[in-house]
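Trainee: Pasting a structure below so you can have a look.
Only the coordinates and a few stated rules stand behind these numbers; no lab work does. None of the values given here were measured: they were computed from a predicted structure. No Cβ is skipped: glycine too gets one built from the backbone with ideal geometry, and neighbour counts run over all protein chains shown.
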Amino acid sequence: MAEVAIILRAGREKSVLTRHPWIFASGIDQVEGEPAIGDTVLVLDNKKKFLAKAAYSPSSQIRARIWTLVENEAIDHDFLKNRINTSIGRRTGLMQSENTDAMRLIYGEADGFPGLVVDQYGTTLVMQLLSAGAEKFRSEIIEILVEILKPEHIYERSDVEIRHLEGLQPREGLAWGKKIMNAIQIHENGLKYLVDVTEGQKTGFYIDQRRNRQKVFELAKDKQVLNCFCYTGGFTLNALAGGASSVTSVDSSGPALEQLKQNVSLNGLDESKSEIIEGDVFTLLRKFRDQARSFDLVVLDPPKFAPTISQAEKASRAYKDINLLAIKLLKPGGLLVTFSCSGGVSRDLFQKIVAGAALDANVDMRIIDQLSQSPDHPVLSSFPESFYLKGLICQK
Ligand code: SAH
């Protein structure tokens, strides 16, 4: 078979040479041959010199994602197995040191496997195929995961919007193994959680907040805590277990709050200290302000307001709004634990937003800690897009 190739515009080889894994449609001068969706193509510079091998995605602006910069490396079963093994190998000992059985084993581009996410929850794996290249090798990936990890189940949650950009239909369901009957029980930092991998958000749990949940555990003693965007109660459980005098948890998702209640009782925590409110955080923070309620510690962990830079401005207003309201609800000396998981909002911008909120509230806030995504979500040095979760702990 004649090899298919994409030839870059002059100058556009730079991003490949700096090891960035994406080739944008705008950087391509010509396509040689007729690559189908997900096919492996050669990436050549404008003088037709080899740069990389990549997965082709004809309908995406990210037209190709790089597999390798090595010319004689074939993209086959052994290659994929090696990448998966290496990624798992990088996490050796991490489950033990992080005191959990829930971990991201493969974080896409940052782990050298564009478009593939694999999360482990005990003996269950949850897989997301987010790119044409990962989709192409679906059956190999499943086979390799079974061979290496011997899971009880592999559940697929490729039911995300971004699949459409790759020209792929959403897919969700059991990919391998026994039917999953109930929520899966995992543990993290001495607490137990029920995780619904079939219906829950993301792959079921916000694994990336693990270390930040531990921070809240350490800070919560004797505090009145407000946990906004609480989902199934990660921060709530840690605050209660850490000795909070009360925890008010708010989320708009009824099923998430049901799971939160179960998680509180699963851990034998004091339900009388846990107030649960189903509703919109923006509205509720205003209501609390009008009622002059106050708290010692407020957690803000909203959903992604700005997936890309183009939405950053609108998102900034939303972040400022909730941070301003939260600062107003804090008692003097109180703590704000605030996050942004928007790729389109940099750490710098986020800090400026929080500073702007403090200014509008007419108070000084002191940053006492900088938080980030947990280490099983590594940030690849040549791929700043892999950094998304920013957090600040600020004291009033
Ligand atoms: N802190 C959680 C993860 C939060 S994810 C953890 O550690 O597990 C964001 C949550 O915000 C989701 O549960 C979603 O249901 C909720 N949400 C989104 N928009 C909301 C809104 N306007 N008001 C209240 N909750 C909202």
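Trainee: For region 78-97 and region 35-60, compute the distance between their C-alpha centroids and round to whole Å.
Mentor: What the calculation gives is 27 Å, centre to centre.
Trainee: Taking just the alpha-carbon atoms of the chain, what radius of gyration and Dmax come out, in angstrom?
Mentor: Expressed in Å, the Cα Rg and Dmax of the chain come to 22.6, 72.
Trainee: Report the FRET efficiency, 1/(1 + (r/R0)^6), for HIS187 and SER272, where r is their Cβ-Cβ distance and R0 is 30 Å, rounded to 0.05.
Mentor: Working: r = 24 Å, r/R0 = 0.81.
Using R0 = 30 Å, I get an efficiency of 0.80.
Trainee: For region 125-275, state the average projected area of the convex hull of the C-alpha atoms over all orientations, rounded to one decimal in nm².
Mentor: Taking the Cα atoms of region 125-275, their convex hull projects to 9.8 nm² on average.
Trainee: With an 8 Å Cα cut-off and a minimum separation of 6 or more residues, compute the relative contact order for the chain in percent.
Mentor: Once divided by the residue count of the chain, the mean separation gives 11 percent.
Trainee: So if each residue of separation counts as 0.36 nm, and I subtract the Cα-Cα distance between LYS49 and GLU313, what length gain in nm does that give? Walk me through the intermediate numbers first.
Mentor: Values: separation 264, 0.36 × 264 = 95.04 nm, distance 4.08 nm.
Difference between extended and current length: 91.0 nm.
Trainee: Would you mind checking which residues have amide H under 5 Å from ASP29's amide H? H placed 1.01 Å from N; only 5 or more apart, or other chain.
Mentor: Correct list: ILE7, LEU8, ARG9.
Trainee: While we're looking at this one, here's another question. Please give every one of the lysines within straight-line cross-link reach of LYS49, meaning a C-alpha to C-alpha distance under 19 Å, and leave out same-chain neighbours fewer than 8 residues apart.
Mentor: Counting by Cα, and skipping residues close in sequence, LYS49 has these lysines nearby: LYS14.
Trainee: Right, here's the next one. Find how many whole Å separate the alpha carbon centroid of region 167-221 from the alpha carbon centroid of region 347-372.
Mentor: Region 347-372 and region 167-221 have Cα centres separated by 30 Å.
Trainee: Where the centroid of each part is defined by its Cα atoms, how far is region 102-146 from region 299-329 in Å?
Mentor: 30
Trainee: May I pose another question? Below 8 Å, C-alpha to C-alpha, sequence gap of six or more: please give me the relative contact order for region 299-351 in percent. List each step's numbers first, then the result.
Mentor: On the way: 56 pairs, mean separation 29.8, N = 53.
It comes to 56 percent, rounded to a whole number.
Trainee: Now for a separate question. Would you pull out the residues with amide H under 5 Å of SER252's amide H, same chain only if 5 or more places away, H placed 1.01 Å from N?
Mentor: Correct list: GLY279.
Trainee: Place a point 7 Å from the Cα of LYS304 along the Cα-to-Cβ direction; which residues of region 202-244 have their backbone N under 13 Å from it?
Mentor: Hits in region 202-244 for LYS304 at 13 Å: 202-203.
Trainee: What 222 nm value per residue comes from the helices of the chain, counting each DSSP H run with n ≥ 4 as -39,500 (n - 2.57) and dividing by all residues, nearest 500 deg cm²/dmol?
Mentor: -8500 deg cm²/dmol
Trainee: With r as the distance between the Cβ atoms of LYS178 and LYS352 and R0 = 35 Å, compute the FRET efficiency 1/(1 + (r/R0)^6) and round to 0.05.
Mentor: Values: r = 50 Å, r/R0 = 1.42.
The computed FRET efficiency comes out at 0.10.
Trainee: I've got another one for you. Could you give log10 I(q)/I(0) at q = 0.24, 0.32 Å⁻¹ for region 346-396, computed by the Debye formula over C-alpha point scatterers of equal weight, without solvent?
Mentor: Here log10 of I(q) over I(0) equals -0.90, -1.24.
Trainee: Per the Kirkwood treatment, what hydrodynamic radius in Å, one decimal, follows for region 259-396 from the mean inverse distance over all distinct Cα pairs?
Mentor: Kirkwood hydrodynamic radius for region 259-396: 16.2 Å.
Trainee: Right, next: Would you mind getting me the FRET efficiency between ALA292 and GLU199? Use the beta-carbon distance for r and R0 = 35 Å, nearest 0.05.
Mentor: Efficiency, rounded to the nearest 0.05: 0.40.
Trainee: Continuing with the same structure: Around ASN82, with a cut-off of 11 angstrom between Cβ atoms, what is the net charge of the other residues, counting Lys and Arg +1 and Asp and Glu -1?
Mentor: -1
Trainee: Enumerate the lysines that LYS179 could reach by cross-link, defined here as Cα to Cα under 23 Å, with residues fewer than 8 away along the same chain left out.
Mentor: Within the straight-line limit of under 23 Å, LYS179 reaches these lysines: LYS150, LYS192, LYS202.
Trainee: If you don't mind, another one. May I ask for the Rg/Rh ratio of region 77-184, computed from Cα atoms with Rh as the Kirkwood radius, given to two decimals? Present the calculation step by step, with values, prior to reporting the outcome.
Mentor: Details: Rg = 13.4 Å, Rh = 14.1 Å.
Rg divided by Rh gives 0.95.
Trainee: How long are the three semi-axes of the equivalent ellipsoid for region 5-68, computed from the Cα gyration tensor as the root of 5 times each eigenvalue, in whole Å, largest first? Working shown, then result.
Mentor: Numbers: eigenvalues 47, 29, 23 Å².
Output for region 5-68: semi-axes of 15, 12, 11 Å.
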